[in-house]
Amino acid sequence: MSDNASAPTPPTPLTLLGLGAMGTALARTWLAAGHPLTVWNRSPGRSTELALRGARVAATAAEAVAASPLVVTCLLDDASVREALADADLTGKDLVDLTTSTPAESHARAAWAAERGARFLDGGIMAVPPMIGAPDAGGYVLYSGTRALFDEHREVLTVPAATRYVGTEAGLAALYDVALLSAMTAMFAGARHAFALVEKAGVDAKEFGGLLADWLAAMAPATAGFGAAPSADDATSPAVAEAGDAALLRTARERGVDTALLIASAGSVSGI
């Protein structure tokens with residue numbers, strides 16, 4: 001072999017703060033891929049399994065941060081991140097925050113990290129723990145911040161799930177994340193409303209659930225068009241949509257089901 005042949009790039013070492021269900025799933029995938037991993041969690045018992053898999057367990061968050069140039073946080077909320085990193089030296093560190101936050105909180109966290117000498121990427125996890133490390137499950141993580149920083153760590157960040165870079169503004173990943181989660185929350189609320197309507201009608205819940213899932217899946221592609229202005233080719237006229245919304249409201253009232261969700265989604269409907 002030639003002396004000039006390049007050696008394989010060693011796996012990137014990193015630190016992970018937060019070992020809830022999602023953090024643990026992330027840790028497992030990085031360890032399985034051979035990345036040296038230091039972990040910390042407020043409740044030490046959650047690190048036992050990961051230690052057996054080869055993770056180094058730090059006694060404090062500050063110790064964990066000191067162990068690696070790349071630090072990933074996956075904690076409860078923005079306040080938890082601030083508290084965990086309060087005593088850590090972030091000078092020269094690359095901080096990737098996967099904690100669910102608002103766009104304003106992400107902007108503030110980026111400025112806070114810069115003041116402490118760290119580079120910052122914000123992330124929004126569009127997956128549930130079982131989807132982490134499962135390439136065909138459809139999960140991915142949104143990232144925003146400096147493009148060069150994202151590209152530098154893309155390889156290690158792609159290990160748990162696919163990555164989608166959405167822009168240089170720190171708060172964009174949080175905005176995408178919360179917007180997508182808001183749509184999901186409304187969908188789930190709609191599904192619960194649907195079950196409430198048929199609850200006392202002797203309907204087979206399992207069969208109805210299958211119909212509901214199939215219907216939502218069939219309608220899902222239409223959601224992509226909500227950002228576009230109405231066109232002359234739209235199939236539903238305002239009058240037809242208004243009549244349909246009114247029928248939904250009358251049915252809910254007949255069945256004794258709260259109409260707040262329908263009113264909020266339909267807006268002003270004649271006869272409300």
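Taking R250, R56, R109 as the candidate residues, the one with maximal mean-square fluctuation in a Gaussian network model of the chain, Cα springs under 10 Å, is R250.
Give the relative contact order (percent, whole number) for the chain; include only Cα pairs under 8 Å separated by 6+ residues.
So the answer I get is 12 percent.
What ranking, highest mean first, results for peptides 146-153, 97-104, 61-68 when packing means the other Cβ atoms within 10 Å averaged over each residue? Walk me through the numbers on the way to the answer.
Numbers: 146-153: 14.6, 97-104: 21.9, 61-68: 19.9.
The packing order, highest mean first, is 97-104, 61-68, 146-153.
Summarising the amide proton neighbourhood of T163: residues at separation of 5 or more, or on other chains, whose placed amide H is nearer than 5 Å comprise V141.
Atom-type composition of the exposed protein surface of the chain places 59 percent of the accessible area on carbon and sulfur (1.4 angstrom probe).
Rolling a 1.4 angstrom probe over the protein heavy atoms, how many square angstrom per residue are accessible across the chain? The partial results should precede the final answer.
Working: 15230 Å² over 272 residues.
On a per-residue basis, 56 Å².
For region 71-118, the convex hull drawn through the C-alpha positions has a volume of 61 cubic angstrom per residue.
For Cα pairs less than 8 Å apart in space and 6+ apart in sequence, what is the mean separation divided by the residue count of region 6-134, i.e. the relative contact order in percent? In percent, rounded to a whole number, it is 24. Counting Lys and Arg as +1 and Asp and Glu as -1, what is the net charge of the other residues whose Cβ lies under 15 Å from the Cβ of L180? So the environment of L180 carries a net charge of -1.
For the chain, the share of alpha carbon pairs falling in successive 10 Å distance bins from zero is 6, 23, 26, 18, 16, 9, 2, 0, 0 percent. Listed peptides 180-191, 29-40, 215-226 appear in the order 29-40, 180-191, 215-226 once ranked by packing, highest mean of other Cβ atoms within 10 Å at the front. Give me the net charge for the shell around P103: Cβ to Cβ below 11 angstrom, other residues only, Lys and Arg +1, Asp and Glu -1. Taking every other residue near P103 into account, the sum is -3.
Across region 244-257, coupling constants 3J(HN,Hα) worked out from phi with the 6.51/-1.76/1.60 Karplus curve, θ = phi - 60°, read x, 4, 5, 5, 4, 5, 5, 5, 4, 5, 4, 8, x, 9 Hz, and Gly and Pro carry x. Could you work out which residue, out of D122, D77, D245, moves most in a Gaussian network model of the chain, that is, has the largest mean-square fluctuation with Cα springs under 10 Å? With Cα springs under 10 Å in the chain, the top fluctuation among D122, D77, D245 is at D245. Beta bridges from DSSP with both residues in the chain: antiparallel share about 20 percent, rounded to the nearest 5.
The values are calculated or read from the model by the stated rules, or taken from the named source; none is laboratory data. Values in this document were obtained by computation on a predicted structure and should not be read as measured data. So basically every Cβ, Gly included, is an ideal-geometry build from the backbone, and we count neighbours across all protein chains shown. What goes into the accessible areas is simple: the full protein's heavy atoms, side chains included, and nothing from ligands, DNA or RNA. Shrake-Rupley method; radii C 1.70, N 1.55, O 1.52, S 1.80 Å.
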